[in-house]
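Undergrad: Supplied in structure tokens, the structure appears directly below.
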Amino acid sequence: MCMIAALRRFALLLAGLVLLTVPVAAHDLPRDVTVQAFVKPEGQTLNVLIRVPLKAIMDVEFPRREQDFVDLTRVDQSLRDAATIWLSGNIDIYEGDTLLPPPRIVSTRMSLESDQSFRAYDTALAHLAGTPLPADTALFWEQGILDVHFEYPIQSDRSYFSVHAAWDRLALTVITALQFLPPGGVVRAYELEGDAGLVRLDPRWHQAAARFVVMGFYHILEGTDHLLFLLCLIIPFRRVRPLILIVTAFTVAHSITLIAAAYHYAPAALWFQPLIETLIATSVFYMALENIVIAQPARRWLITFVFGLIHGFGFSFILEHTLQFSGSHLLSSLLAFNVGVELGQLLVLAILVPFLNILFRYVVAERIGTILLSAIVAHTAWHWMTERFEVLQQFPVPEITAAGLASGLRWLLLLVAIAAAAWLLFVLSQRWTKPASRESSPAE
Amino acid sequence: MRNLSKLTRSRLFIGAGFTALLGALAIGQAVLDKSAAAQAQAQGTVMAPRFEIDPLWPKPLPNHWVLGSAIGVWVDADDHIWIIHRSSATLANNEKPLEMGTGECCAGAPPVLEFDQAGNLLRRWGGPGQGYEWPDSNHGIFIDHKGNVWIGGNGPNDSHVLKFTKDGKFLMQSGKKGARRRAGAAAGGNEGDVAGFVGGSNDEVSFGRIAKIFVDAQANEAYLSDGYLNKRVAVIDADTGKLKRYWGAYGNKPDDTPLAAYVPGAPPAQQFRNPVHCSDLSVDRLLYVCDRVGNRLQVFTPEGKFVKEAFYDTNTRNAGSVWDIAFSKDPQQRYMYIADGVNEKVKVVDRQTMEVLTQFGDGGRQPGQFYGVHSIATDRAGNVYTTETYEGKRVQRFVNRGMARVARSQGVVWPTAR
């Protein structure tokens, strides 16, 4: 078996090399191609409309007339062949976990590249049911567009559907702009590159959430700046109780800004990301410095909360492009991302705390060790800070305008409101937990 | 009050403090909102699409290629940017030692170039070939609804238009080269030179130095800006190339009698001046025609009925202020952009009122500046592309940053972020 596999691989390699050296006759693999697709379950039918430029279709002969114009009177079979070989042959659609059988071709059309009907499902459907191009249209064959309407039999339009479109061989770069239109009028847009694997079109909340838990988990583990921040936080606090308070403060804070950013409350300006990156580096630097200067910093949870707000914006940048995969579960996906971040943090703590304990017990005295470790972190953070500040400096200082100030005041208003609410809660909780007699005792 | 404990009193103070602070902030914000609106009004700013130069587009050309005078730009259905330029014909010897065999750099690039959105050069072709007459001085490029590439020409002998596939395969020629030559006249001549040539604005077969082409998908007709020698808009069948109709300024029958030089303030000419430099059809089927030296834009129905006209920078003489137009990419095409290669600006115009809202650009060789900004086009994202003729010799991209309050005259739209 192994020998055969090796031989096959060699043969493939050889074939590839030959292909590379022989000039391709008429039709090269295009550099980039966009495939447009609509997927709409209706009753017991899944309608799939696909548009692809003909330049991406290889090995299918299109009948031609003079000057290599397409002979539109004889083109239908070629369009159906292309639709079967290149489109439906390379897409797997699942209803739940069941692979749907090959589809029926309802109609195919040859279109002009200027045709705008694929802007929306209804116009695309009407186009595919409408009159074909006039037979005398002078259309150079490679400049045409193939439109297809497929029908898949399904059990119910309420099922969960997933798609695996392996159209990556159509061009060097293939972008699939796919719209899913489940019952109820929502339109969910996906932009997939190459072979994006199995994509759940309407993820259940736990599927969406699972994806984000994993994403959050790996993000914190890959984010060196977040990890160093965490390290600085805990060097002086290695017991469970203060740790819980600090980690909770960090989590609550970054959840607030992450969710705010996902709902577009963060400034959209270009300088915002470099500003946040610089502030994150500053937070690490500050924390390290505090460890060096103060042995047991008081109220660390408070400063952690403030810096947590900044780190939350940092997390939001990586989520920007992946939120499309959350389907309609934006909030639960965000919370799931936070859970993932939390799990990652706990894992890091589970490793770091015993490590620090052993280090301070057997290798170096606690205070000296704290200072040394913090100094190393501070050094790294200082470099990050200056590098990121350099990037930030390339942006002009935003002009102070009344409009800018007004939006600043809106934020301040929100912060004061949160502070007031927190204070009120604090007062009320004290009332409840303390014996009523002390508060109400009359001054006699 | 005396009955209250110290703790309760301090809490009351804090609570009152919070309430007062919240109230003050709310009032402050409302006041600032109001003054923000007033500030914008007072500064004479206007809401318009805002652009920024993209200094990194396109990427450097391969093979030590350089551009000659760049006199046409269009964006196709794939959002690829096509330009046409005059290559070696407009390069001085010291610009093309590679071509002359006297050094390593540089050589003229092929005249037709396709770029993707990332600025990579894709297809490149053009030049004389079998079955057609390549123009003496190519001018204008258009990609039609079938993906075909149209090219005009304003050289002395150019009186025709060509159609190719995107790969450069010849499809059609309409008009015969050399049709405008006076009987017995000597060969030669420069751009705009009429010695030895005579306008033929009522010729049913050939044209007179076509500046630009626009193909109407709906009617499968090509509008030819005809041109540097003729004084008309000519409409041909896009498949057969057969002339269908034509007209001059105000829809008049075109007349090639030479006009007196343009004088600011004088009554507008009843014929187009040379060159008729653009003729673009909007989504509401109005044809906008650039009377470049007449400093005006005339609007027609597709049948050639005059609708209205607007004048721009009427003190501009010599080469004029209305070189080329492009429509904004919103469904209504609310705005149009006018390239002005004398005053070196792009004007952002409200298409309904035809009034200039704002303008950007300035003369110079830095990114975002112009030297003979000649042609203009927009892509799907609403970005603007310009090409420059004379010694400008380049294509530039201006990124659409969305609607914003901008100054009436913005100068060079330098990027706010690198």
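Bear in mind these aren't lab numbers, they're just calculated from the coordinates by the rules spelled out. Just so we're clear, the structure is a prediction, and the values are computed from it rather than from any experiment. Neighbour counts run over all protein chains shown; Cβ positions are idealised from the backbone, glycine included.
Undergrad: Taking the range A:21-95 as the region of interest, what is the percent of Cα-Cα pairs per 10 angstrom bin, listed from the shortest bin to the one with the maximum distance?
TA: 15, 41, 31, 11, 2, 0
Undergrad: Please pull out the direction-averaged projected area of chain A, using the convex hull of its alpha-carbon atoms, in nm² to one decimal place.
TA: 36.5
Undergrad: Please report the base-10 log of the normalised intensity I(q)/I(0) for the range A:202-280, using a Debye sum with one equal scatterer per alpha carbon and no solvent, at each q in 0.16, 0.26 (1/Å).
TA: -0.84, -1.31
Undergrad: Additional query: Using just the alpha carbons, could you tell me how many Å³ per residue the convex hull of the range A:139-225 encloses?
TA: That works out to 175 Å³ per residue.
Undergrad: Could you tell me what fraction of 2.2 N^0.38 Å the Cα radius of gyration of chain B comes to, as a two-decimal ratio?
TA: 1.21
Undergrad: Per residue of A:404-415, count partner chain C-beta atoms within 10 Å of its C-beta, then hand back the mean as an integer.
TA: Counting Cβ atoms of other protein chains within 10 Å of each residue's Cβ and averaging gives 5.
Undergrad: Å³ per residue of the Cα convex hull, for the range A:206-398?
TA: Here the figure is 113 Å³ per residue.
Undergrad: For the range B:76-106 and the range B:222-285, what is the centre-to-centre distance using only Cα atoms, to the nearest Å?
TA: If you average the Cα positions of each part, the centres end up 31 Å apart.
Undergrad: Ranking A:ILE256, A:ILE50 by Cβ neighbours within 10 Å, fewest first, what do you get?
TA: A:ILE256, A:ILE50
Undergrad: Further question on the same structure: Post the alpha-carbon centroid distance, the range A:248-283 to the range A:125-184, in whole angstrom.
TA: 40
Undergrad: Cβ neighbours within 10 Å, averaged per peptide: list A:118-128, B:95-105 in order, most packed at the top.
TA: Sorting A:118-128, B:95-105 by mean packing, highest first, produces A:118-128, B:95-105.
Undergrad: Right, next: Can you run phi through the Karplus equation (6.51, -1.76, 1.60; θ = phi - 60°) for the range A:88-105 and list ³J(HN,Hα) in whole Hz, with x for Gly and Pro?
TA: Calculated HN-Hα couplings, in order: 5, x, 10, 10, 10, 10, 10, 9, x, 9, 9, 6, 6, x, x, x, 9, 7 Hz.
Undergrad: Continuing with this model, one more query. If the convex hull of the alpha-carbon atoms of the protein assembly as shown is projected onto planes in all directions, what is the mean projected area in square nanometres?
TA: Reported value for the Cα convex hull: 51.5 nm².
Undergrad: For the protein assembly as shown, what is the mean residue ellipticity at 222 nm derived from helices alone (per DSSP H run of n ≥ 4: -39500 (n - 2.57); sum divided by total residues; nearest 500 deg cm²/dmol)?
TA: My calculation for the protein assembly as shown gives -10500 deg cm²/dmol from helical runs alone.
Undergrad: Continuing with this model, one more query. Can you pull the percent of Cα pairs in the range B:248-289 with separation above 14 Å?
TA: When every Cα pair of the range B:248-289 is considered, 57 percent fall beyond 14 Å.
Undergrad: Please list, in order along the range B:208-218, the HN-Hα scalar couplings obtained from phi with the Karplus expression 6.51 cos²θ - 1.76 cosθ + 1.60 (θ = phi - 60°), rounded to whole Hz, x for Gly and Pro.
TA: These are the phi-based 3J(HN,Hα) values: x, 6, 6, 8, 7, 10, 9, 9, 8, 5, 4 Hz.
Undergrad: In addition: Can you give me the angle between helix A:272-293 and the longest principal axis of chain A, using Cα atoms only, in degrees from 0 to 90, rounded to the nearest 10?
TA: That helix lies at roughly 30 degrees to the long axis.
Undergrad: Also, quick follow-up: Take chain A, connect every pair of alpha-carbon atoms lying under 10 Å apart with a spring to form a Gaussian network, then pick out the residue of A:ALA365, A:ALA261, A:ALA402 with the largest mean-square fluctuation.
TA: Largest GNM mean-square fluctuation: A:ALA402.
Undergrad: Just name one of B:PRO55, B:GLY103, B:ALA92: the one whose Cα is farthest towards the positive end of the charge dipole of the range B:28-150 (beta-carbon charges, Lys/Arg +1, Asp/Glu -1).
TA: B:PRO55
Undergrad: Give the angle, between 0 and 90 degrees and rounded to the nearest 10, that separates the Cα long axis of helix B:6-42 from the longest principal axis of the Cα atoms of chain B.
TA: 20
Undergrad: Measure out, as a whole number of angstrom, how far apart the alpha-carbon centroids of the range B:345-418 and the range B:296-313 sit.
TA: 23
Undergrad: Less than 21 Å apart at the alpha-carbon level, and either on another chain or at least 8 residues along: which lysines does that give for A:LYS55?
TA: B:LYS146, B:LYS163, B:LYS166, B:LYS169
Undergrad: Near the amide H of B:ARG351, under 5 Å away, which other amide H atoms are found, from residues 5 or more places off or on another chain, if H is placed in the peptide plane?
TA: Placed amide hydrogens put B:TYR335, B:MET336 under 5 Å from B:ARG351.
Undergrad: If amide H atoms are built 1.01 Å from N in the plane of the peptide, which residues on other chains or at least 5 residues away come under 5 Å of the amide H of A:LEU46?
TA: HN-HN under 5 Å from A:LEU46: A:TYR152, A:ILE154.
Undergrad: Taking one equal scatterer on every alpha-carbon of the range A:28-202, how large is log10 of I(q)/I(0) by Debye at q = 0.09, 0.17 1/Å?
TA: -0.29, -1.04
Undergrad: Using θ = phi - 60° and the Karplus curve 6.51 cos²θ - 1.76 cosθ + 1.60, what whole-Hz ³J(HN,Hα) does each residue of the range A:360-365 get, with Gly and Pro shown as x?
TA: 6, 8, 10, 9, 9, 5
Undergrad: Given the options B:ASN318, B:ASN138, B:ASN154, state which has the largest fluctuation in a GNM of chain B using a 10 Å cut-off (strictly under) for Cα springs.
TA: Maximum fluctuation in the GNM of chain B, among the listed residues, is at B:ASN318.
Undergrad: Here is a follow-up. For B:ARG273, B:ARG232, which order do you get if you count the other beta carbons within 10 Å of each Cβ and list the fewest first?
TA: With the sparsest Cβ surroundings first, the list reads B:ARG273, B:ARG232.
Undergrad: Can you compute the radius of gyration and Dmax for the range B:49-188, using only the Cα atoms, both in Å?
TA: Cα-based Rg and Dmax for the range B:49-188 come out at 16.3, 54 Å.
Undergrad: Something else about it: May I ask you to give the average projected area over all directions of the convex hull of the Cα atoms of the range B:266-418, in nm² rounded to one decimal?
TA: In nm², the orientation-averaged hull projection of the range B:266-418 is 9.3.
Undergrad: Taking the Cβ of each residue in B:LEU281, B:LEU21, A:LEU139 as the centre, tally the other Cβ atoms inside 10 Å and list the residues starting with the fewest.
TA: The most exposed by this proxy come first: B:LEU21, B:LEU281, A:LEU139.
Undergrad: Could you tell me which of A:LEU349, A:TRP411, A:ILE57 has its Cα farthest along the dipole of chain A towards the positive end, charges placed at Cβ (Lys, Arg +1; Asp, Glu -1), taken about the Cα centre?
TA: Of the listed residues, the answer is A:LEU349.
Undergrad: Could I ask something else about it? In peptide A:65-78, how many Cβ atoms from other protein chains are near each Cβ within 10 Å, on average?
TA: Averaged over the peptide's residues, the number is 1.
Undergrad: Measure nothing but the geometry: give the 0 to 90° angle between the long axis through the Cα atoms of A:240-262 and the longest principal axis through the Cα atoms of chain A, rounded to 10°.
TA: 40
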